[in-house]
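Scroll down for the structure; my scribbles are underneath it.
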Amino acid sequence: MIGFDMIEHALPARVLPLCLAALALGCGTDAAPVDEADGTESAGTETGPASPQSAQSEVPRNLTPSPSTAELEQMRLGERAFAHELYGEVSATEVEAGDNLILSPYCLRSAFGMSWAGAVEATETEMAEVLRFDLGQAPTHEVMNYVDLALADRNDVGDEDNPPIILLSNNRFFVHFDFPVLDSYLDVLAENYGADVKLVDFREGEPSRQQINQWVSDKTQERISELLPPSSIVDLSPLGGTVSVLVNTLYLKAPWAEAFPDSATAPAPFTLRDGSQTSVAMMRQDAVSVGYALVDGFEVVDLPLREGQLSLTLILPPVDSDALDTWLDPEQLEAIEDGLVTTHVELRLPRFEIEPEASLALRSSFMSLGMEAPFGGGFDNAYPGGGVFIDDIYHQVFFAVDEAGVEGAAATAIVNGLGFTPSEPPTAEYSVTFDRPFLLLLRDRDTGTMLFMGRVTQPTPA
């Protein structure tokens, strides 16, 4: 795993995406916190540590998970179905049609995977149906662990000629210092998610909120500093309040396999959804080697990142398509990926940065998808006292694409080869210009994991 102390030495990134999801859980009036020692109510007392403490399961993380190929494939397809349904719901209810929208299916499922480990009965069933956790508890957590460890292997220190690849995922369980939690639940989090436990004092909600937001900011290189908005943490008292928060953060910084030259970027028009035009900084590659497909009117370019294990898939839908609002169903996405062929493309892509002003509060979206019971309780496999429910889900994503990574310098090197014929410069077989709204998907090619997905309707103005 690459530490954050390496980031300051890296060249500016071409792709700077990150995301996180948090599940805030509350406790109602019928379930006051209980001290495990004597069974007395303790949420309103002055006992316990004066400052946050750390705790950890004694079970080590399983570093050699071995799910079957069939299990990995079922979870991959499930992620695509979940992503399609959630994107459509959020697009219809949470953002305006002309706004950019970026989500992280992987980040959301990681946070929900930890929550689902404590679910029972209707809560467990509804969460599994919406999140497409179709394998049952143990196999699902094993697959999540396998994918997370596989993504950790994408990190690469680089060298003088190649900037590093940094892909970091972190999980943490913030819980009130004397609220009872089952050891078996903490063991699942430790073994499959590498999650540590942070004991906090939720009797004072605002300091706890600031503490969680600071941890998130640290893990995302300050790209997301206000995941939990004001009033999202309710002061814990004998009448109820916030008792725990589950958080996943994801941070990626990686260079293109072939960088966009700075000198080729120039102002160009971009047509917005309402038909008006704006000027954007349009990057250019004259004959870049990429994956290309034209499937049912969708023109697709798959841009590999360095080492080729991660790629950014850019999808230009037909003008009359509703895909910007609904995303692509799993069958469409499979057809597009199956249709990709490696060729040379003359590519025009706007430089853009998407940084939402606030988190998405997704409670209503998940309820609309059929997840209702979790907001009323059903987490008895985590909290022995019962009464714990999901209060809300906050999700925020930052995503940026540019041609950075080229440091200005001049030198001449004449390389004389022996025993080969110099090849002619490649000629582009296709020309693709992303000068109107398009979809994007950043995925891990080996596991198929959807790290980031969304639409770009308003690139950063030139």
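The values are calculated or read from the model by the stated rules, or taken from the named source; none is laboratory data. Since the model is a prediction, treat every value here as computed from it, not as a measurement. Note that we place each Cβ from the backbone using ideal geometry, even for glycine, and neighbour counts take in every protein chain shown.
Taking the conditions (1) assigned to a helix (DSSP H, G or I); (2) in contact (Cβ under 8 Å) with a residue 60 or more places away in the chain in turn, Ala128 satisfies each one other than (2).
Tallying residues that are among the acidic types (Asp, Glu) and either in contact with a helix residue (DSSP H, G or I) (Cβ under 7 Å, 6 or more places away or on another chain) or within 12 Å of Asp435 (Cβ to Cβ) (or both) within region 266-289 yields 0. There is at least one residue in region 333-351 that is crowded, with 20+ Cβ neighbours inside 10 Å, over 19 Å from Ser91 (Cβ atoms), in contact with a Pro (Cβ under 8 Å, 6 or more places away or on another chain) and of a type outside the set (Lys, Arg).
Note on region 146-161: residues that are more than 23 Å from Ala259 (Cβ to Cβ) and in a loop (DSSP other than H, G, I, E, B) amount to 1.
For region 154-188, a residue qualifies if it is of a type in the set (D, E, K, R) and either touching a Pro at 6+ places or on another chain (Cβ under 7 Å) or free of Cβ contacts under 8 Å to residues at least 24 places away in the same chain (or both), and the qualifying residues are Asp156, Asp159, Glu160, Asp161, Asp178. Quick check on region 103-111. Is at least one of its residues within 16 Å of Phe375 (Cα to Cα), out of contact with any Ser or Thr (no Cβ under 7 Å at 6 or more places or on another chain) and assigned by TED's automatic domain parsing to the domain that holds Ala195? Within region 103-111, one or more residues are within 16 Å of Phe375 (Cα to Cα), out of contact with any Ser or Thr (no Cβ under 7 Å at 6 or more places or on another chain) and assigned by TED's automatic domain parsing to the domain that holds Ala195. Across region 430-456, the number of residues qualifying as crowded, with 23+ Cβ neighbours inside 10 Å and in a loop (DSSP other than H, G, I, E, B) comes to 1. Looking at the structure I just gave you, is Val415 modelled with pLDDT under 85, in contact with an Asp or Glu (Cβ under 7 Å, 6 or more places away or on another chain), within 24 Å of Ala264 (Cβ to Cβ) and of a type in the set (A, V, I, L, M)? Against the criterion (modelled with pLDDT under 85, in contact with an Asp or Glu (Cβ under 7 Å, 6 or more places away or on another chain), within 24 Å of Ala264 (Cβ to Cβ) and of a type in the set (A, V, I, L, M)), Val415 does not qualify. Every listed requirement among (1) surrounded by 15 or more Cβ atoms within 10 Å (Cβ to Cβ); (2) in contact with a helix residue (DSSP H, G or I) (Cβ under 7 Å, 6 or more places away or on another chain) is met by Leu252 save one, (2). Determine, yes or no, whether Ser66 is over 21 Å from the mean Cα position of the chain (by Cα) and at pLDDT 95 or above. When the stated conditions are applied, Ser66 passes them. Checked against the criterion of being among the basic types (Lys, Arg), surrounded by fewer than 19 Cβ atoms within 10 Å (Cβ to Cβ) and either in the same structural domain as Ala358 (by TED's automatic domain parsing) or assigned to a strand (DSSP E or B) (or both), region 279-287 contains one or more residues that satisfy it.
When region 132-153 is examined, which residues are found to be in contact (Cβ under 8 Å) with a residue 12 or more places away in the chain and among the aliphatic types (A, V, I, L, M)? Once the filter is applied, which keeps residues that are in contact (Cβ under 8 Å) with a residue 12 or more places away in the chain and among the aliphatic types (A, V, I, L, M), region 132-153 yields Leu135, Val143, Met144, Val147, Leu149, Ala150, Leu151, Ala152.
The lone criterion from (1) surrounded by 19 or more Cβ atoms within 10 Å (Cβ to Cβ); (2) at pLDDT below 90 left unmet by Tyr193 is number (2).
A single member of Gly308, Gly275 is surrounded by fewer than 22 Cβ atoms within 10 Å (Cβ to Cβ), touching a residue at least 24 places away in the same chain (Cβ under 8 Å) and not polar (S, T, N, Q), and it is Gly308.
Within region 219-231, the presence of a residue that is in the same structural domain as Tyr394 (by TED's automatic domain parsing), among the acidic types (Asp, Glu) and modelled with pLDDT of 90 or more is excluded.
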